[in-house]
1. Compute the helix-to-body angle for 312-321: its Cα long axis versus the longest principal axis of the chain, expressed 0 to 90° and rounded to tens.
2. Add -39500 (n - 2.57) for each DSSP H run of 4 or more in the chain, then divide by its residues: what number comes out at 222 nm, to the nearest 500 deg cm²/dmol?
3. If I build a Gaussian network model for the chain, linking alpha-carbon pairs within less than 10 angstrom, which residue out of GLU222, GLU26, GLU95 has the largest mean-square fluctuation?
4. Would you mind telling me the antiparallel percentage of the DSSP bridges in the chain, rounded to 5?
5. Tilt of helix 229-240 relative to the longest C-alpha principal axis of the chain, in degrees (0 to 90, nearest 10)?
6. Can you give the angle from 0 to 90° between the axis of helix 197-210 and the longest principal axis of the chain, with both taken from C-alpha atoms, to the nearest 10?
7. Which whole-number percent gives the relative contact order of the chain, counting Cα pairs below 8 Å spaced six or more residues apart?
8. Positive end of the charge dipole of the chain (Lys, Arg +1 and Asp, Glu -1 on Cβ, about the Cα centre): tell me which of HIS150, GLY232, LEU27 has its Cα farthest that way.
Amino acid sequence: MRALAEEAALIPAAGGALWRTGADGELETALVHRPKYDDWSLPKGKLDAGEHPLVAAVREVDEETGLRVAVGRRSVQTRYDHRSGPKRVDYWVMEVVGGTFAANDEVDELRWLPVPQAARLVSHDHDRAVIEDLARTDVPRMPRVLLVRHASAGNRGDYAGPDAERPLDRRGRAQAAVLAGVLPVFAPARLLTAPPVRCRQTLAPLADALGLPVGEVPELGEAGFDADPQAGVETVRRLLAGDAGPGLTVVCSQGGAIPSVLLALGVRWHGTAGALWPPSAKGSVWAVGGTPGALTADYYRDFGADPAAPAPATAARSAARR
């Protein structure tokens with residue numbers, strides 16, 4: 001019998017519920033066969049040192065399947081006892097947009113199946129719960145809008161010039177670089193920004209990475225939103241409805257606008273009833289899809305390391321011991 005201090009540490013992992021539309025219009029998902037376990041499961045794997053679960057999920061899908069994906073809404077989180085200890089797996093819905101499967105050391109076969117057949121073939125009940133979530137029809141699978149709060153720009157009182165010209169500070173530039181490294185997994189089609197310099201600078205590295213121009217939405221800056229809140233809300237409604245065209249739109253805005261827009265759309269933090277304002281930390285992202293009454297709204301405070309992921313220094317020491 002183990003003492004409490006000797007209990008196995010949580011094993012964090014992440015993966016994807018892949019989907020495509022079959023030739024007959026039916027929703028299909030991909031299962032992988034792992035010869036090590038002789039099972040059929042969803043593509044997933046353990047977090048690397050210092051890794052965020054979303055980053056790990058996309059990496060693991062690529063390593064196990066060779067398929068390129070556009071990330072959709074968060075799916076369910078599963079927990080179960082693995083032979084190495086308790087395991088937690090965070091899943092995302094992911095649309096396959098390219099790539100080709102090739103057998104590898106971890107996966108020797110991949111099958112695309114209609115969802116009911118996949119639910120019957122999969123080996124584990126915890127994976128079956130993810131497949132059932134993929135089949136939901138009450139909420140969309142994919143977001144239409146990423147609402148990004150501009151990155152850190154110091155304190156307003158410490159900047160001598162006009163507030164609209166206040167630039168990102170060193171921390172903010174680092175946050176913008178992280179966003180540029182992660183947000184492409186959502187496959188953005190267009191970028192829009194509120195007028196302040198700090199908003200445009202937040203999107204600049206992402207624009208460079210994607211090769212996309214950055215348009216302006218004055219109605220979603222604090223000044224424009226204060227003057228006409230309804231105009232800002234309607235702009236986001238139109239983007240959610242797809243009026244700007246196919247694909248996802250990234251909008252960089254400010255803390256005086258984003259929570260109000262989310263409230264107007266019906267978003268409540270953690271589903272709490274009443275006027276509890278959704279958070280909007282600097283450098284954070286809300287991934288929103290659907291329409292009021294049938295929304296998905298996932299909040300990413302940042303894309304830093306998962307607290308349960310191995311620390312880089314620990315990983316280095318473990319490698320040295322091996």
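Here, each number is a calculation from the coordinates, and none is a lab measurement. Not measured: the values here are computed from a predicted model. When we count neighbours, we look across all protein chains shown, and the Cβ atoms used for this are built from the backbone with ideal geometry, even at glycine.
1. Between helix and principal axis, roughly 30 degrees.
2. Result for the chain: -8500 deg cm²/dmol, rounded to the nearest 500.
3. Between GLU222, GLU26, GLU95, it is GLU26 that shows the largest mean-square fluctuation.
4. 65 percent
5. 30 degrees
6. That works out to roughly 40 degrees.
7. That works out to 19 percent.
8. HIS150
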